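Here's the structure, in structure tokens; my notes come after.
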């Protein structure tokens with residue numbers, strides 16, 4: 001629905017001496033609607049078209065998606081011969097006003113500053129521990145409890161659940177995009193292809209489970225998890241939409257207990273193994289979601305591609321890197337993730 005009052009206010013501000021404005025709906029297509037805007041000026045009648053996009057499907061589910069489409073339009077319409085020109089990109093604000101966001105060459109995000117220590121620091125300390133300390137257990141249970149809380153908020157939407165599955169494989173920040181960052185000869189293309197194809201199989205296997213759609217963080221890895229003095233949890237960099245499969249968050253953290261242990265020990269042992277078990281046990285006990293172990297495969301595969309990427313971990317030994325690739329392949333071939341048997345997924 002077009003906010004005609006706000007559009008008219010924007011026109012008066014942008015174009016100045018306008019004596020009359022008419023807005024007429026031209027029609028709708030599968031992706032959105034078009035509106036004719038005619039204004040009376042000293043130079044005569046000027047006509048423009050305002051386009052809107054439907055807020056579901058086609059990857060337009062979030063306001064930022066629709067903004068990105070229109071910003072690209074504004075940049076590129078003028079670069080194609082005989083194409084109509086785009087004039088501006090308009091944003092409807094919370095107060096109902098319409099403002100211009102067009103014309104930017106780059107965009108920036110300003111955030112609050114927080115103090116604390118990221119969870120990578122804790123994982124590095126696990127290398128010298130055979131057992132978890134009480135403070136380690138408290139943090140793990142805190143993270144599991146936090147995820148349980150946000151994942152308890154559900155939403156009915158096949159579109160958003162299917163989008164999370166699709167994005168996990170095809171998004172530029174996810175499996176295929178991460179593989180595209182790999183230096184040549186890190187992993188043969190046929191092996192990348194095998195992981196991608198099996199992940200796509202999992203996408204279609206999981207599609208009927210769309211009722212699992214939950215509020216998520218979207219990038220719940222140790223660098224985005226900070227603990228302040230006193231143990232309070234603070235999170236950074238929520239990514240790729242607010243709704244998805246809970247396994248996305250669970251595997252984003254869980255893969256690091258596996259990876260850090262493989263990196264330093266060659267298998268999953270000691271505090272890392274105990275931490276992995278405690279995290280899953282605490283999460284399942286808190287949520288009652290025993291199905292989580294049956295839906296992790298494509299999300300683990302994506303996270304394996306992340307931690308095995310030489311761009312992110314250039315000093316990772318080849319054997320350890322290959323173990324993470326084996327983990328991805330074996331978890332994709334399994335029906336469920338058996339936490340107790342985690343080391344079996346590292347074997348040929």
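Every number here is computed from the coordinates shown, using simple stated rules; none is lab data. Just so it is clear, the model here is predicted, and its values are computed rather than measured. When we count neighbours, we look across all protein chains shown, and the Cβ atoms used for this are built from the backbone with ideal geometry, even at glycine.
What is the angle, in °, between the Cα long axis of helix 246-265 and the longest principal axis of the Cα atoms in the chain? Nearest 10 is fine, range 0 to 90.
40
So how much slack lies between residue 47 and residue 180, counting 0.36 nm per residue of separation and subtracting their Cα-Cα distance, in nm?
Using 0.36 nm per residue and subtracting the Cα-Cα distance, I get 43.4 nm.
Only counting other Cβ atoms within 10 Å, I'd like 171, 151 sorted with the fewest neighbours first.
171, 151
I need the shape label for the range 137-289. Rule: rounded when a/c is under 1.5, else prolate if a/b > b/c, else oblate, with a, b, c from the alpha carbon gyration tensor.
Oblate shape, in that a/c is at least 1.5 and b/c is the bigger or equal ratio.
What full-extension length gain, to one decimal in nm, is calculated for residue 291 and residue 142 as 0.36 nm per residue of separation minus the Cα-Cα distance?
51.5 nm
Quick check on the exposure proxy: order 154, 137, 198 from fewest to most C-beta atoms within 10 angstrom.
154, 137, 198
Need one word for the range 4-100: rounded, prolate or oblate. Basis is the Cα gyration tensor (sqrt eigenvalues a ≥ b ≥ c); a/c below 1.5 gives rounded, then a/b vs b/c decides.
Prolate.
Suppose R0 equals 41 Å; then what is the FRET efficiency for residue 33 and residue 173 from their Cβ-Cβ distance, rounded to the nearest 0.05?
After rounding, the FRET efficiency stands at 0.85.
For the chain, modelled as a GNM with alpha-carbon contacts under 10 angstrom, which of 77, 283, 119 fluctuates the most?
77
Per DSSP helix of 4 or more residues, -39500 (n - 2.57); summed, then divided by the residues of the chain. What does that give at 222 nm, rounded to the nearest 500?
After summing the helix terms and dividing by the residues of the chain, the value is -14500 deg cm²/dmol.
Sort 201, 42 so the one with the fewest other Cβ atoms within 10 Å of its own Cβ comes first.
42, 201
Suppose R0 equals 56 Å; then what is the FRET efficiency for residue 131 and residue 19 from their Cβ-Cβ distance, rounded to the nearest 0.05?
The pair residue 131/residue 19 has a calculated efficiency of 0.10.
Using a ≥ b ≥ c from the Cα gyration tensor of the range 187-226 (square roots of the eigenvalues), is it rounded, prolate or oblate, where a/c under 1.5 gives rounded and otherwise the larger of a/b and b/c decides, a/b for prolate?
Oblate, since a/c reaches 1.5 and b/c is not below a/b.
Based on the mean of other Cβ atoms within 10 Å per residue, sort peptides 179-185, 190-196 so the most packed one is first.
190-196, 179-185
Can you check how the C-alpha radius of gyration of the chain compares to 2.2 N^0.38 Å, as a plain ratio?
Ratio of Cα Rg to 2.2 N^0.38 Å: 1.21.
What is the distance in Å between the Cα centroid of the range 98-172 and that of the range 190-256?
With the range 98-172 and the range 190-256 each reduced to a Cα centre, they are spaced 8 Å.
Kindly rank 294-302, 228-236, 51-59 from highest to lowest mean number of other beta carbons found within 10 Å of each residue.
So the order, starting with the most tightly packed, is 294-302, 51-59, 228-236.
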